[in-house]
1. Among (1) in a helix (DSSP H, G or I); (2) of a type outside the set (S, T, N, Q); (3) in contact with a strand residue (DSSP E or B) (Cβ under 8 Å, 6 or more places away or on another chain), there is one condition L273 misses while meeting the rest; what is its number?
2. Any chance region 268-282 includes a residue that's within 16 Å of ligand 1 (Cβ to nearest atom) and among the polar types (S, T, N, Q)?
3. Consider R117 against the criteria (1) open to solvent by 20 Å² or more (accessible area, probe 1.4 Å); (2) assigned to a helix (DSSP H, G or I); (3) over 30 Å from K367 (Cα atoms): it satisfies all of them except one. Which criterion is unmet?
4. If I filter region 219-228 for residues that are touching a Cys at 6+ places or on another chain (Cβ under 8 Å) and of a type in the set (A, V, I, L, M, F, W, C), do I get at least one hit?
5. Identify, by number, the condition in (1) more than 16 Å from ligand 2 (Cβ to nearest atom); (2) assigned to a strand (DSSP E or B); (3) open to solvent by less than 30 Å² (accessible area, probe 1.4 Å) that Q155 doesn't meet.
6. How about region 60-102: which of its residues are of a type in the set (A, V, I, L, M, F, W, C) and surrounded by fewer than 16 Cβ atoms within 10 Å (Cβ to Cβ)?
Amino acid sequence: MKLTKRTQVAIIGAGPSGLLLGALLHRAGIDNIILERQSPSYVLSRIRAGILEQVTVDLLHEAGVGFGVDTHGTVHHSIELVFKNERHPIDVSSLTGGKVVTAYGQTEVTKDLMDHRALSELETVYEAADVTLHDYDSSNPSITYKVGNETHTLQADFIAGCDGFHGVCRASVPKNSIQEYEKVYPFGWLGILADVPPVSPHAIVYANSDRGFALCSMRSMTRSRYYVQCPMDDKVESWSDDLFWEELKKRLDPELASQIVTGPSIEKSIAPLRSFVAEPMRFGRLFLAGDAAHIVPPTGAKGLNLAATDVKYLSTAFIEYYKEKSSAGIDNYSTRCLKRIWRAERFSWWLTSLMHRFPDTGGFGQKVQEGELDYLVHSQALSTSLAENYVGLPLNFGE
Ligand code: APR
Ligand code: PHB
């Protein structure tokens, strides 16, 4: 077996960022190989958010994998805010000149991209261990990794670090070349997936209550995704399904609470909430994209969408490099991404701060949130600001 290979772009990580990048590059005739630490079934077992901006849906189409979202996605024209036990619809579509978001799970997006990659006979090395980057600062970068007991070498023109928050790529950069900004929130989200019809099939519900935040979302007309804010050190084992459903209902208005259909959970997990950005996102011939470079708390549903736009900018930059012999996109990549990222970081932090119970702000904090929510639902200006960020700012916003 040949243990040294060469490709144009070596992609580390087969999450949505790596797979989407691979598909976009392949369509443009650019070779790529993906190295992934986990097995395909492990990658697909991770349940994450599921709200796609139109920009993301368009990118899936561009990559040749729009069929799943077209067939099984649910278009949402509005969201609902619940506070002081009352529901307030926000018609995000009419506030943004007709834009919508689509409910379609990240797991499904990943599966569509994986199937497409397999059909296109593109190489993905799963269970690649000890992935190590070499000479990414030179014109001859390479990667070594192990499969079983054998060490392989992959030489490439460029390395795309799509390996998530705990990946090896950002960790390979010397500390003094990278600046990290981080905020950890003092709570987590307990989420469950259940095969029951969603309580609100046409609008995601975001609830502020004095017991903490709750969210009602969906994967399909027969599969729901619900979350409640929980203490950051809480354990999944201390939440029976019954306890979860009771708590969820207590955080909603009486009408929604009475309409919740309960059932056994098919997945239950607790996720911490964090805001994080690493700057810059390019180091010589190494480029970070998606969760490898930034994390948003899930309240604004921006994580997957930001990853997708990083990948759009990165694929465009590589295409310009190979087809037009121009390095402009590559040189601009980090600056261009970071502008969009900080706008989404701001939005996600704001919505998180508005909707959750913070242990140290007490009754005053709660009342101020209710005052702002009351202002928001009655102000065209603030509702429009929420709506335009929720559906996603245009790709060329501010350029
Ligand atoms: N070597 C190879 N692969 C690795 C390594 C490594 N050392 N470390 C991590 N990986 C793989 C992980 O196993 C994972 O499959 O990189 C992949 C990264 O995928 P994600 O964490 O899903 O990150 P990304 O593709 O950027 O997707 C961003 O995920 O967390 C959500 O909100 C986020 O929706 C957004 C999306
Ligand atoms: C989800 O469906 O999992 C979801 C929806 C909206 C969010 C976060 C998560 O803001």
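The values are calculated or read from the model by the stated rules, or taken from the named source; none is laboratory data. This is a predicted model, so every value here is computed, not measured. Note: ideal-geometry Cβ built from the backbone for every residue, glycine included; neighbour counts use all protein chains shown. These accessible areas exclude ligands, DNA and RNA; they are computed on the full protein's heavy atoms, side chains included. Shrake-Rupley method; radii C 1.70, N 1.55, O 1.52, S 1.80 Å.
1. Here L273 clears every test but (1).
2. yes
3. The one condition R117 does not meet is (1).
4. No.
5. (3)
6. So the first thing to find is which residues in region 60-102 are of a type in the set (A, V, I, L, M, F, W, C), and the list is 60, 63, 65, 67, 69, 75, 79, 81-83, 90, 92, 95, 100-101.
Within region 60-102, F67, V75 qualify.
Residue-wise test of (1) under 20 Å from N208 (Cβ atoms); (2) open to solvent by 40 Å² or more (accessible area, probe 1.4 Å); (3) free of Cβ contacts under 8 Å to residues at least 60 places away in the same chain.
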{"position": "L351", "(1), (2), (3)": "yes, no, no"}
{"position": "K367", "(1), (2), (3)": "yes, yes, yes"}
{"position": "Y390", "(1), (2), (3)": "yes, no, no"}
{"position": "F397", "(1), (2), (3)": "no, yes, yes"}
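Results for (1) touching an Asp or Glu at 6+ places or on another chain (Cβ under 9 Å); (2) surrounded by fewer than 22 Cβ atoms within 10 Å (Cβ to Cβ), shown as yes or no for each residue.
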| residue | (1), (2) |
| --- | --- |
| G303 | yes, no |
| G329 | yes, yes |
| R343 | no, yes |
| M355 | no, no |
| G371 | no, yes |
